[in-house]
């Protein structure tokens with residue numbers, strides 16, 4: 001445990017596609033895997049700045065598991081060490097299981113939408129019940145309101161300006177569902193793709209319109225709905241098929257494409273679209289020593305952004321009903337069942353739910 005870290009007694013862990021990808025592409029023999037956890041603070045390092053953390057405080061967050069530089073640390077364990085200023089305090093209205101759906105999704109969406117794509121930050125509505133604090137100083141996210149936002153920017157419902165759309169490909173994924181909520185809070189109009197069986201869920205998370213990604217006319221339908229004006233796409237899948245649909249749906253002026261995985265270069269077919277991708281693990285400010293394309297040098301600016309983002313999002317988490325976690329499916333056999341859970345995610349068995357395992361509830 002490093003001086004800027006906390007030691008967490010793990011209560012629940014979430015299974016993520018990235019856990020499977022890293023294990024399959026770059027397994028580290030003897031390393032502890034897993035990135036997402038919820039649990040209780042057991043110890044606090046002397047350099048942790050988050051003064052809300054006490055021994056026993058319920059928290060959730062993420063780490064880089066299967067890490068060649070730190071093989072003994074990963075979420076799939078009874079205890080995990082995590083950067084103290086990059087965890088979230090679990091509010092009383094959320095369960096440990098729900099926390100285990102948010103630990104990786106919240107920083108991933110923040111890094112993609114507000115650090116990389118540089119969308120306007122989610123705005124704070126003082127009438128919404130939460131109060132501004134030091135933690136909320138950098139970015140102040142809350143629910144949209146028909147009243148003017150801070151800075152005088154009106155909500156989309158009252159604005160006479162043409163709506164600005166953001167496409168979320170894979171809206172029923174955990175990151176996709178969180179992105180839909182954040183995009184609305186930024187004053188943009190989220191549209192998304194997913195399977196028809198998840199249409200109701202993504203609409204409840206804020207999607208203005210939903211499109212079947214398997215439909216041959218999916219891209220054309222999105223382009224028509226957005227009046228050929230789509231300039232932002234967040235691709236939660238980032239394979240050849242998803243990237244092609246995103247590119248075909250974008251307006252004639254082009255725009256920005258952001259993948260949550262390294263995107264396939266062969267699918268970059270338009271010069272008027274700027275593609276990029278994020279790896280949430282750069283938020284720790286350390287080099288990621290994985291094979292290409294996952295390896296990256298240390299990025300101190302990512303750490304600085306992540307600290308501000310985590311402090312800011314805490315304000316919205318503290319107010320009930322403003323962030324809706326993903327539906328949870330609880331796996332069986334506790335820590336021993338995680339291996340089966342990884343295989344289920346590997347096979348693509350999960351849709352519209354997050355697989356969570358109880359470790360020490």
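For residue 243, only one of the following conditions fails: (1) more than 24 Å from residue 195 (Cα to Cα); (2) in contact with a strand residue (DSSP E or B) (Cβ under 7 Å, 6 or more places away or on another chain). What is its number? Going through (1) more than 24 Å from residue 195 (Cα to Cα); (2) in contact with a strand residue (DSSP E or B) (Cβ under 7 Å, 6 or more places away or on another chain) one by one, residue 243 breaks only (1). For residue 290, the criteria (1) part of a loop (DSSP other than H, G, I, E, B); (2) assigned by TED's automatic domain parsing to the domain that holds residue 177 hold in every case but one, which is (2). Can you find a residue in segment 336-350 that is under 30 Å from residue 186 (Cβ atoms) and outside any helix (DSSP H, G or I)? Yes, there is a match, as at least one residue in segment 336-350 is under 30 Å from residue 186 (Cβ atoms) and outside any helix (DSSP H, G or I).
Here residue 266 qualifies as part of a helix (DSSP H, G or I), without any contact (Cβ under 8 Å) to a residue 60 or more places away in the chain and exposed (fewer than 14 other Cβ atoms within 10 Å of the Cβ). Of all residues in segment 269-283, those being in a helix (DSSP H, G or I) and either surrounded by fewer than 18 Cβ atoms within 10 Å (Cβ to Cβ) or touching a strand residue (DSSP E or B) at 6+ places or on another chain (Cβ under 6 Å) (or both) number 2.
Take residue 228 and decide whether it is modelled with pLDDT of 95 or more, out of contact with any strand residue (DSSP E or B) (no Cβ under 9 Å at 6 or more places or on another chain) and either part of a strand (DSSP E or B) or at positive phi (or both). Spelling it out, residue 228 is indeed modelled with pLDDT of 95 or more, out of contact with any strand residue (DSSP E or B) (no Cβ under 9 Å at 6 or more places or on another chain) and either part of a strand (DSSP E or B) or at positive phi (or both). Filtering segment 45-68 to residues that are more than 13 Å from residue 9 (Cβ to Cβ) and in a strand (DSSP E or B) leaves 61, 62.
Here residue 261 clears all of (1) farther than 13 Å from residue 108 by Cβ; (2) part of a loop (DSSP other than H, G, I, E, B) except the condition numbered (1). Only one of the numbered conditions (1) in contact (Cβ under 8 Å) with a residue 60 or more places away in the chain; (2) within 18 Å of the chain's Cα centre (by Cα); (3) in the same structural domain as residue 179 (by TED's automatic domain parsing) is violated by residue 249, and that is (2). Applying the selection to segment 33-44, what residues are under 15 Å from residue 7 (Cα atoms) and not in a strand (DSSP E or B)? Within segment 33-44, just 35 meets the criteria.
A single member of 159, 172 is modelled with pLDDT under 60, in the same structural domain as residue 231 (by TED's automatic domain parsing) and in a loop (DSSP other than H, G, I, E, B), and it is 159.
The values are calculated or read from the model by the stated rules, or taken from the named source; none is laboratory data. As the structure is a computational prediction, the values presented were derived from the model and not from experiment. Quick reminder, even Gly has a Cβ in these numbers, built from the backbone with ideal geometry, and neighbours come from all protein chains shown.
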